[in-house]
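**Student:** Mind having a look at this structure? Questions to follow.
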Amino acid sequence: MSHSIATRTGDDGTTSLLYGQRVPKDHPQIEAVGTVDELNVALGAVKAQLGVSPRGTEIRGLLTTTQQKLVALMGEIACAETDTARHAASKFERILAADVSVLDRAVADLETRGLKFDGWATPGATAMAAAFDLARTTARRAERRLAALPAHGRQVRPELRQFINRLSDLLWLLAREAEQ
């Protein structure tokens with residue numbers, strides 16, 4: 001017998017955090033998880049446009065790894081503050097400083113490529129650049145959602161904020177590269 005995705009448990013306007021605590025669907029943690037999920041989808045849309053060139057393959061690999069890290073990030077922020085120690089002790093992957101370093105290196109690499117930009121970007125020069133910019137703005141919204149969580153009683157490890165911040169920087173540079 002197969003299981004249905006339609007559990008109907010959310011018909012009352014609530015959903016579950018990672019370890020089962022029910023919260024309203026507009027709860028700040030659910031907003032944060034949902035926005036990171038949107039970012040994951042936006043990265044998938046970028047990947048679907050990448051060609052088979054060596055650079056396209058390189059970027060696809062980086063984005064795929066990043067998407068896997070975003071799933072880990074969603075899992076961590078999807079647990080209640082009272083369950084953070086349980087999550088830390090679990091088998092679930094977590095964002096580490098090394099993951100931020102991967103993005104730092106990718107940013108540094110792009111900065112050495114002599115990209116030209118002057119002031120504020122006007123997205124849309126190419127479809128690929130627009131896709132990167134859409135992902136970037138989604139990353140910035142995810143960053144704002146993470147920054148709001150402590151005011152609602154859910155602490156966020158610095159590595160999570162750093163990862164999203166660095167990712168948005170990387171996406172901005174990738175958009176500029178795609179324009180050129």
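The values are calculated or read from the model by the stated rules, or taken from the named source; none is laboratory data. Note that the structure is predicted; figures quoted are calculated from it, not measured. Glycine gets a Cβ as well: all are built from the backbone with ideal geometry, and neighbour counts include every protein chain shown.
**Student:** Out of everything in segment 103-127 that is under 22 Å from residue 47 (Cβ atoms), touching a residue at least 40 places away in the same chain (Cβ under 8 Å) and not small (Gly, Ala, Ser), what residue ends up being surrounded by the fewest Cβ atoms within 10 Å (Cβ to Cβ)?
**Tutor:** Ranking the qualifying residues of segment 103-127, first place goes to 113.
**Student:** Of the conditions (1) modelled with pLDDT of 95 or more; (2) within 29 Å of residue 175 (Cβ to Cβ), residue 55 clears all except one; give me its number.
**Tutor:** (1)
**Student:** When segment 1-57 is examined, which residues are found to be among the aliphatic types (A, V, I, L, M) and in a loop (DSSP other than H, G, I, E, B)?
**Tutor:** 1, 5, 6, 17, 18, 50, 52
**Student:** Quick one: how many residues across segment 58-94 are more than 30 Å from residue 177 (Cβ to Cβ), part of a helix (DSSP H, G or I) and of a type outside the set (A, V, I, L, M)?
**Tutor:** 8
**Student:** In addition: List pairs: first in segment 34-51 and under 16 Å from residue 69 (Cβ atoms) and modelled with pLDDT under 95, second aliphatic (A, V, I, L, M) and surrounded by fewer than 14 Cβ atoms within 10 Å (Cβ to Cβ), Cβ under 8 Å, 6+ apart or cross-chain?
**Tutor:** Close Cβ pairs (under 8 Å, with a partner that is aliphatic (A, V, I, L, M) and surrounded by fewer than 14 Cβ atoms within 10 Å (Cβ to Cβ)) do not exist here.
**Student:** Looking only at segment 73-101, which residues are free of Cβ contacts under 8 Å to residues at least 60 places away in the same chain, closer than 21 Å to residue 166 by Cβ, surrounded by fewer than 17 Cβ atoms within 10 Å (Cβ to Cβ) and of a type in the set (A, V, I, L, M, F, W, C)?
**Tutor:** Correct list: 98 only.
**Student:** Related question: Which one of these is modelled with pLDDT of 95 or more, β-branched (Val, Ile, Thr) and over 15 Å from residue 42 (Cα atoms): 100, 71? Steps first, please.
**Tutor:** Numbers: 71 fails: over 15 Å from residue 42 (Cα atoms).
Just one listed residue meets the conditions, 100.
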